[in-house]
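Engineer: One structure coming up, written as structure tokens, with questions to follow.
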Amino acid sequence: MTKTITLSQGNGGEENNELIKKIFFEHFGNPTLLKCEDSAIIGSMAVTTDSFTVKPIFFNGGDIGKLAVCGTCNDLAMMGARPKYLTCSFIIEEGFSVESLEKIVLSMKKELCINGAQIITGDTKVVPKNALDGIFINTTGIGEVEMQNISSNSISTDDLIIVSGDIGRHGACIFAQREGIDIKSALQSDCASLWLVVEELIKNDIKITAMRDATRGGLSAVLNEWAKQSNICIEVEEKAVPISKEVQGICELLGFEAYNLANEGTFALAVKKEDAQKALEILKKFEICKNAQIIAKVSNEYSQKVVLNNEWGSKRFLDMPTGELLPRIC
Ligand code: MG
């Protein structure tokens, strides 16, 4: 590993995982942590934490406050847990606008309301000008598990993989805005809270094996993590993966793969085959999941690999993303 920290070690991909393994797991390792789930399950409670550093702070479809609540509540939801309590820490740069701070707090309030969660404790730090860029937020979430045994370690050939919406919108939107590419209103971040969707799946007794929000590292990272953790091969039908023409356009312009771009309100689900169609119907009832699709099956064709089958019958491996990707997208 490198002697000093590089941006790629925060990319949600290969280098990020190496850092986590070699430094954090090495010294903090315990059975709960090593499960590598979206949140830790302790009895009937789920706990997760996340820090938010997004740039720009206000983007098309959300802001750092909305992101901070969605990100943390979604990590609880992905483990079948109802978001209940959040803590929140603000680290603010001297000179930051109070009006902007209040705008961010109001976005958080709105999103908390959607989740039925509340902030129960917090912290405020102010650092001198230039010690950080504007504002960083950390949120920790506590949820109540309503469906047990959801795990990225138990996906099998009995499952099908669904993606809840078109991929890559958050990453593409942040990148376009940062680079000053004129995107009009067509390209919006998918930033959204997922608990209500998950709740509906649980209420309808969908046999969910695993769920993961496709944040940093995008769909590629999720599917590769699943292939490794569950020791399976995931075979994706490329044509089935929903990608908007705006995201496709940004990808072609800049040479990105939509699979590697971050999402903040789009998730992958592994559900038992017999429930896949019903799960899809439930998802499509929600505006934020109207583009949901069944995209992959699970096999033993290759060990711990993700394969993309294209419509002309050829295939390629979809690898874990590497390199710098886009720093500060969340
Ligand atoms: Mg997550």
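Engineer: Taking the Cα centre of the chain as origin, work out the dipole magnitude from +1 charges on Lys and Arg Cβ and -1 charges on Asp and Glu Cβ, in debye rounded to 20. Don't skip to the end; give the middle numbers.
Structural biologist: Working: 34 positive and 44 negative charges, 31 e Å.
Around 140 debye, computed over the chain.
Engineer: Excluding ligands and nucleic acids, what accessible area in Å² is computed for ASP38 using a 1.4 Å probe, to the nearest 10?
Structural biologist: It works out to around 30 Å².
Engineer: In the chain, if the dipole is taken from +1 on Lys/Arg beta carbons and -1 on Asp/Glu beta carbons about the Cα centre, which of ALA117, LEU101, VAL236 is farthest to the positive end?
Structural biologist: It is ALA117.
Engineer: Quote to one decimal, in nm, the extra length available between GLU93 and SER299 on full extension: 0.36 nm per residue of separation minus the C-alpha distance between them.
Structural biologist: On the way: separation 206, 0.36 × 206 = 74.16 nm, distance 5.00 nm.
Result for the pair: 69.2 nm of gain on full extension.
Engineer: Let me ask something additional. Whole angstrom only: what separates the Cα centroid of segment 1-69 from the Cα centroid of segment 76-97?
Structural biologist: After rounding, the separation between the Cα centres reads 14 Å.
Engineer: Would you kindly calculate the mean projected area, averaged across all directions, of the convex hull enclosing the Cα atoms of segment 1-141, in square nanometres? Could you put the intermediate results ahead of the total?
Structural biologist: On the way: hull surface 39.3 nm².
If you wrap the Cα atoms of segment 1-141 in a convex hull and average its projections, you get 9.8 nm².
Engineer: Starting from 0 in steps of 10 Å, tell me what percent of the Cα-Cα pairs of the chain lands in each bin.
Structural biologist: 6, 26, 37, 24, 6, 1
Engineer: Report the Cα-based extents of segment 159-317 along its three principal axes, largest first, to the nearest Å.
Structural biologist: Principal-axis extents of segment 159-317 (Cα, largest first): 45, 36, 27 Å.
Engineer: Restricting to DSSP H runs of at least four residues, report the calculated mean residue ellipticity at 222 nm for the chain, -39500 (n - 2.57) per run over all residues, nearest 500 deg cm²/dmol.
Structural biologist: Values: 8 runs with 88 residues, N = 330.
Using -39500 (n - 2.57) per qualifying helix, the result is -8000 deg cm²/dmol.
Engineer: For segment 123-149 and segment 267-289, compute the distance between their C-alpha centroids and round to whole Å.
Structural biologist: Segment 123-149 and segment 267-289 have Cα centres separated by 30 Å.
Engineer: Among the lysines, which have Cα under 23 Å from the Cα of LYS125 when same-chain residues fewer than 8 positions away are ignored?
Structural biologist: Qualifying lysines at Cα under 23 Å: LYS55, LYS66, LYS103, LYS109.
Engineer: Find me the longest stretch of the chain that has none of the exposed trypsin sites (Lys or Arg not before Pro), where exposed means in a DSSP loop (not H, G, I, E or B) with at most 14 other Cβ atoms within 10 Å. Each step should come with its number before you reach the end.
Structural biologist: On the way: sites that count: LYS3, LYS129, LYS184, LYS285, LYS290.
It runs 4-128.
Engineer: Still on this model: Evaluated at 10 °C with a viscosity of 1.306 mPa s, what Stokes-Einstein diffusion coefficient in µm²/s does segment 155-236 have when Rh comes from the Kirkwood expression over alpha-carbon pairs? Mind showing how you got there, number by number?
Structural biologist: Values: Rh = 14.9 Å.
The Stokes-Einstein estimate is 107 µm²/s.
Engineer: Using a 1.4 angstrom probe on the protein heavy atoms only, line up HIS27, HIS170 by accessible area, largest first. Kindly include the intermediate steps, with their values, before the conclusion.
Structural biologist: On the way: HIS27 140, HIS170 0 Å².
Highest to lowest solvent-accessible surface, that is HIS27, HIS170.
Engineer: So, one more: Which value, in Å² rounded to 10, gives the accessible area of ILE119 with a 1.4 Å probe and all protein chains present?
Structural biologist: That residue has around 60 Å² of solvent-accessible surface.
Engineer: Solvent-accessible area per residue for segment 137-229 at a 1.4 Å probe radius, Å²? Display every interim value, and only then the final one.
Structural biologist: Numbers: 3030 Å² over 93 residues.
With all protein chains present, segment 137-229 gives 33 Å² per residue.
Engineer: How high is the FRET efficiency between SER44 and GLU324 when r is their beta carbon distance and R₀ equals 45 Å, given to the nearest 0.05? Present the calculation step by step, with values, prior to reporting the outcome.
Structural biologist: Working: r = 40 Å, r/R0 = 0.89.
Computed FRET efficiency for SER44 and GLU324: 0.70.
Engineer: State the percentage of accessible surface on the chain attributable to carbon and sulfur atoms; use a 1.4 Å probe and exclude ligands, DNA and RNA. List each step's numbers first, then the result.
Structural biologist: Details: 7990 of 15160 Å².
Using a 1.4 Å probe with all protein chains present, the chain comes out at 53 percent carbon and sulfur.
Engineer: Among GLU237, GLU15, what's the order by accessible area (1.4 angstrom probe), most exposed first? Before the final figure, lay out each step's value.
Structural biologist: Details: GLU237 90, GLU15 45 Å².
From most accessible down to least: GLU237, GLU15.
The values are calculated or read from the model by the stated rules, or taken from the named source; none is laboratory data. Note that the coordinates shown come from a computational prediction; the quantities given were computed from them, not determined experimentally. Please note: Cβ atoms are built from the backbone with ideal geometry, for glycine as well, and neighbour counts cover all protein chains shown. Accessible surface areas use protein heavy atoms only, side chains included; no ligands, DNA or RNA. Shrake-Rupley method; radii C 1.70, N 1.55, O 1.52, S 1.80 Å.
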